[in-house]
Amino acid sequence: MRPTSCARPSDAWRGHRAVARDELLSPEAEPEEVEAEVGLRPRRLDEFVGQEELKGHLRVMLEAARQRGQAADHFLFGGPPGLGKTTLAHIVAAEMGAELLVTSGPALERAGDLAAVLTKLEPGDVLFIDEIHGLARAVEEILYPAMEDYELDIVLGKGPAARSIRLELPRFTLVGATTRTGLITGPLRDRFGLTARLDYYEPADL
(Lines give C-alpha, C1' and ligand atoms only; values in the text may rest on other atoms or scores of the structure.)
Protein backbone atom coordinates (compact mmCIF):
# COMPACT_ATOMS: atom_id res chain seq x y z
CA MET A 1 0.00 0.00 0.00
CA ARG A 2 1.17 3.53 -0.73
CA PRO A 3 2.19 5.47 2.36
CA THR A 4 -0.09 8.29 3.35
CA SER A 5 1.19 11.56 1.92
CA CYS A 6 2.40 14.02 4.50
CA ALA A 7 0.96 17.52 4.59
CA ARG A 8 2.84 20.22 2.79
CA PRO A 9 2.65 24.02 3.06
CA SER A 10 -0.61 25.26 1.63
CA ASP A 11 1.10 27.96 -0.44
CA ALA A 12 2.72 25.23 -2.50
CA TRP A 13 -0.58 24.46 -4.18
CA ARG A 14 -3.27 27.01 -3.29
CA GLY A 15 -4.05 29.83 -5.66
CA HIS A 16 -1.50 28.96 -8.33
CA ARG A 17 -2.35 28.81 -12.04
CA ALA A 18 -1.85 25.41 -13.66
CA VAL A 19 0.72 25.73 -16.44
CA ALA A 20 2.98 23.47 -18.47
CA ARG A 21 6.71 24.12 -18.14
CA ASP A 22 8.30 24.94 -21.48
CA GLU A 23 11.22 22.56 -21.09
CA LEU A 24 8.90 19.55 -20.93
CA LEU A 25 6.68 20.51 -23.85
CA SER A 26 7.10 19.24 -27.38
CA PRO A 27 9.72 21.38 -29.17
CA GLU A 28 7.25 21.90 -32.01
CA ALA A 29 4.83 23.77 -29.76
CA GLU A 30 5.17 27.55 -29.74
CA PRO A 31 4.41 29.22 -26.37
CA GLU A 32 1.54 31.16 -27.93
CA GLU A 33 0.04 27.95 -29.33
CA VAL A 34 0.33 26.23 -25.96
CA GLU A 35 -1.33 29.13 -24.14
CA ALA A 36 -4.15 29.27 -26.70
CA GLU A 37 -4.77 25.53 -26.47
CA VAL A 38 -4.76 25.55 -22.67
CA GLY A 39 -7.01 28.61 -22.64
CA LEU A 40 -9.68 26.77 -24.64
CA ARG A 41 -9.80 23.77 -22.32
CA PRO A 42 -12.32 23.43 -19.50
CA ARG A 43 -10.48 24.34 -16.32
CA ARG A 44 -12.83 22.85 -13.74
CA LEU A 45 -14.66 19.57 -13.36
CA ASP A 46 -17.97 21.40 -13.51
CA GLU A 47 -17.04 22.69 -16.98
CA PHE A 48 -16.09 19.25 -18.33
CA VAL A 49 -18.92 17.65 -20.31
CA GLY A 50 -19.72 13.96 -19.85
CA GLN A 51 -17.90 11.23 -17.90
CA GLU A 52 -20.18 11.85 -14.92
CA GLU A 53 -19.13 8.81 -12.90
CA LEU A 54 -15.44 9.58 -13.31
CA LYS A 55 -15.99 13.24 -12.44
CA GLY A 56 -17.74 12.16 -9.26
CA HIS A 57 -14.78 10.05 -8.17
CA LEU A 58 -12.32 12.80 -9.02
CA ARG A 59 -14.35 15.44 -7.21
CA VAL A 60 -14.33 13.39 -3.99
CA MET A 61 -10.62 12.54 -4.19
CA LEU A 62 -9.48 16.06 -5.04
CA GLU A 63 -11.61 17.65 -2.35
CA ALA A 64 -10.28 15.19 0.23
CA ALA A 65 -6.70 16.04 -0.78
CA ARG A 66 -7.43 19.77 -0.50
CA GLN A 67 -8.99 19.31 2.91
CA ARG A 68 -5.89 17.45 4.12
CA GLY A 69 -3.49 19.91 2.48
CA GLN A 70 -1.86 17.02 0.63
CA ALA A 71 -0.98 16.17 -2.93
CA ALA A 72 -3.75 14.24 -4.67
CA ASP A 73 -3.33 10.56 -5.41
CA HIS A 74 -2.07 9.31 -8.78
CA PHE A 75 -4.57 8.91 -11.64
CA LEU A 76 -4.55 6.75 -14.78
CA PHE A 77 -6.96 7.64 -17.59
CA GLY A 78 -7.49 5.17 -20.44
CA GLY A 79 -9.59 5.19 -23.57
CA PRO A 80 -9.60 6.14 -27.26
CA PRO A 81 -8.15 9.46 -28.44
CA GLY A 82 -10.25 12.59 -28.19
CA LEU A 83 -12.25 11.79 -25.06
CA GLY A 84 -10.56 14.30 -22.75
CA LYS A 85 -7.70 12.53 -21.00
CA THR A 86 -5.31 15.43 -21.48
CA THR A 87 -8.00 17.92 -20.52
CA LEU A 88 -8.61 16.02 -17.28
CA ALA A 89 -4.91 16.25 -16.44
CA HIS A 90 -5.13 20.03 -16.81
CA ILE A 91 -8.27 20.04 -14.66
CA VAL A 92 -6.62 18.01 -11.90
CA ALA A 93 -3.83 20.59 -11.74
CA ALA A 94 -6.25 23.52 -11.84
CA GLU A 95 -8.51 22.05 -9.15
CA MET A 96 -5.47 21.59 -6.91
CA GLY A 97 -4.05 25.01 -7.75
CA ALA A 98 -0.92 23.18 -8.87
CA GLU A 99 1.61 23.48 -11.63
CA LEU A 100 1.35 21.00 -14.51
CA LEU A 101 4.39 19.43 -16.16
CA VAL A 102 3.76 17.65 -19.46
CA THR A 103 5.74 14.89 -21.16
CA SER A 104 5.07 11.55 -22.88
CA GLY A 105 6.15 7.95 -22.53
CA PRO A 106 7.97 7.73 -25.89
CA ALA A 107 9.89 10.95 -25.09
CA LEU A 108 11.39 9.36 -21.97
CA GLU A 109 13.76 7.01 -23.75
CA ARG A 110 16.22 6.42 -20.92
CA ALA A 111 16.01 6.21 -17.15
CA GLY A 112 18.04 9.42 -16.98
CA ASP A 113 15.36 11.25 -18.98
CA LEU A 114 12.73 10.44 -16.37
CA ALA A 115 15.13 11.17 -13.51
CA ALA A 116 15.72 14.64 -14.98
CA VAL A 117 11.97 15.28 -15.02
CA LEU A 118 11.40 13.97 -11.50
CA THR A 119 14.16 16.12 -10.03
CA LYS A 120 12.46 19.23 -11.47
CA LEU A 121 9.30 18.57 -9.46
CA GLU A 122 8.31 20.84 -6.63
CA PRO A 123 5.82 20.09 -3.83
CA GLY A 124 2.29 19.64 -5.16
CA ASP A 125 3.23 19.54 -8.86
CA VAL A 126 1.15 17.44 -11.25
CA LEU A 127 3.21 15.41 -13.72
CA PHE A 128 1.27 14.34 -16.82
CA ILE A 129 2.72 11.47 -18.86
CA ASP A 130 0.78 10.97 -22.08
CA GLU A 131 1.05 7.59 -23.82
CA ILE A 132 2.40 6.18 -20.58
CA HIS A 133 2.17 2.68 -22.06
CA GLY A 134 5.16 3.71 -24.23
CA LEU A 135 7.59 3.79 -21.30
CA ALA A 136 10.51 1.40 -21.61
CA ARG A 137 10.67 -1.14 -18.80
CA ALA A 138 13.86 0.33 -17.33
CA VAL A 139 12.25 3.78 -17.30
CA GLU A 140 9.01 2.48 -15.83
CA GLU A 141 10.85 0.87 -12.94
CA ILE A 142 12.19 4.29 -11.94
CA LEU A 143 8.58 5.35 -11.44
CA TYR A 144 7.73 2.66 -8.89
CA PRO A 145 9.57 4.12 -5.86
CA ALA A 146 8.83 7.65 -7.08
CA MET A 147 5.08 7.02 -7.03
CA GLU A 148 4.94 4.86 -3.94
CA ASP A 149 7.60 6.28 -1.63
CA TYR A 150 8.48 9.58 -3.35
CA GLU A 151 12.08 8.46 -3.72
CA LEU A 152 14.46 8.29 -6.67
CA ASP A 153 17.29 5.77 -6.89
CA ILE A 154 20.22 6.90 -9.04
CA VAL A 155 23.26 4.81 -9.98
CA LEU A 156 26.50 6.77 -10.26
CA GLY A 157 29.44 5.37 -12.18
CA LYS A 158 29.88 2.02 -13.88
CA GLY A 159 31.34 -1.36 -13.08
CA PRO A 160 32.77 -2.18 -9.64
CA ALA A 161 32.97 1.51 -8.76
CA ALA A 162 29.25 2.09 -9.36
CA ARG A 163 27.21 3.16 -6.37
CA SER A 164 23.56 3.92 -5.80
CA ILE A 165 22.19 6.97 -4.07
CA ARG A 166 18.61 7.64 -3.03
CA LEU A 167 17.04 11.07 -3.39
CA GLU A 168 13.86 12.20 -1.69
CA LEU A 169 11.26 13.67 -4.03
CA PRO A 170 8.55 16.17 -3.12
CA ARG A 171 5.01 14.88 -2.88
CA PHE A 172 3.51 15.09 -6.36
CA THR A 173 0.61 13.73 -8.39
CA LEU A 174 1.21 11.60 -11.47
CA VAL A 175 -1.49 11.58 -14.14
CA GLY A 176 -1.00 8.96 -16.83
CA ALA A 177 -2.95 8.70 -20.07
CA THR A 178 -3.09 5.73 -22.41
CA THR A 179 -4.99 4.57 -25.47
CA ARG A 180 -3.79 1.01 -24.83
CA THR A 181 -4.71 0.09 -21.28
CA GLY A 182 -3.84 -3.55 -21.90
CA LEU A 183 -0.17 -2.61 -22.25
CA ILE A 184 0.00 -1.10 -18.76
CA THR A 185 1.89 -3.52 -16.52
CA GLY A 186 0.38 -4.73 -13.26
CA PRO A 187 3.04 -3.14 -11.03
CA LEU A 188 2.50 0.26 -12.65
CA ARG A 189 -1.29 0.02 -12.62
CA ASP A 190 -1.29 -0.93 -8.94
CA ARG A 191 0.45 2.31 -7.99
CA PHE A 192 -2.39 4.50 -9.24
CA GLY A 193 -5.02 5.47 -6.70
CA LEU A 194 -7.65 5.69 -9.45
CA THR A 195 -7.70 3.88 -12.79
CA ALA A 196 -10.53 4.86 -15.11
CA ARG A 197 -11.53 4.25 -18.71
CA LEU A 198 -13.25 7.16 -20.39
CA ASP A 199 -16.51 6.33 -22.16
CA TYR A 200 -17.73 7.66 -25.48
CA TYR A 201 -19.97 10.67 -25.11
CA GLU A 202 -23.73 10.34 -24.99
CA PRO A 203 -25.59 12.14 -27.82
CA ALA A 204 -27.04 14.57 -25.27
CA ASP A 205 -23.50 15.63 -24.27
CA LEU A 206 -22.42 16.50 -27.81
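Things worth noting here:
- Among residues of the stretch 48-63, those that are farther than 17 Å from Ala177 by Cβ and free of Cβ contacts under 8 Å to residues at least 12 places away in the same chain, counted: 5
- Looking only at the stretch 87-127, and only at residues there that are among the hydrophobic types (A, V, I, L, M, F, W, C) and touching a Pro at 6+ places or on another chain (Cβ under 7 Å), the one that is surrounded by the most Cβ atoms within 10 Å (Cβ to Cβ): Ile91
- Across the stretch 149-172, the qualifying residues are those that are among the charged types (D, E, K, R) and assigned to a strand (DSSP E or B), and the one among them that is nearest to Asp190 (Cα to Cα) is Glu151.
- Some residue of the stretch 136-152 being without any contact (Cβ under 8 Å) to a residue 60 or more places away in the chain, surrounded by fewer than 15 Cβ atoms within 10 Å (Cβ to Cβ) and touching a Leu at 6+ places or on another chain (Cβ under 7 Å): yes
- Any pair with Cβ under 8 angstrom, 6 or more apart, that starts in the stretch 64-86 at a residue that is part of a helix (DSSP H, G or I) and surrounded by fewer than 18 Cβ atoms within 10 Å (Cβ to Cβ) and ends at one that is at pLDDT below 95 and hydrophobic (A, V, I, L, M, F, W, C): Arg68/Ala7
- Going through (1) small (Gly, Ala, Ser); (2) farther than 28 Å from Glu52 by Cα; (3) under 13 Å from the mean Cα position of the chain (by Cα) one by one, Gly157 falls short only on (3).
- Residues located in the stretch 92-124, provided they are under 16 Å from Arg66 (Cβ atoms) and either of a type in the set (Gly, Ala, Ser) or in contact with a Phe, Trp or Tyr (Cβ under 6 Å, 6 or more places away or on another chain) (or both): Ala93, Ala94, Met96, Gly97, Ala98, Gly124
- Between Leu143, Leu114, Leu127, the distinction of being on the phi < 0 side of the Ramachandran plot and not in a helix (DSSP H, G or I) belongs to Leu127 only.
- First in the stretch 157-181 and surrounded by 10 or more Cβ atoms within 10 Å (Cβ to Cβ), second anywhere and at pLDDT below 85 and part of a strand (DSSP E or B), Cβ under 9 Å, 6 or more apart: Arg166/Ile154; Leu167/Ile154
The values are calculated or read from the model by the stated rules, or taken from the named source; none is laboratory data. Treat the numbers as computed from the prediction; the structure is a model and nothing was measured. Heads up, the Cβs are rebuilt from the backbone with ideal geometry, glycines too, and the neighbour counts pull from every protein chain shown.
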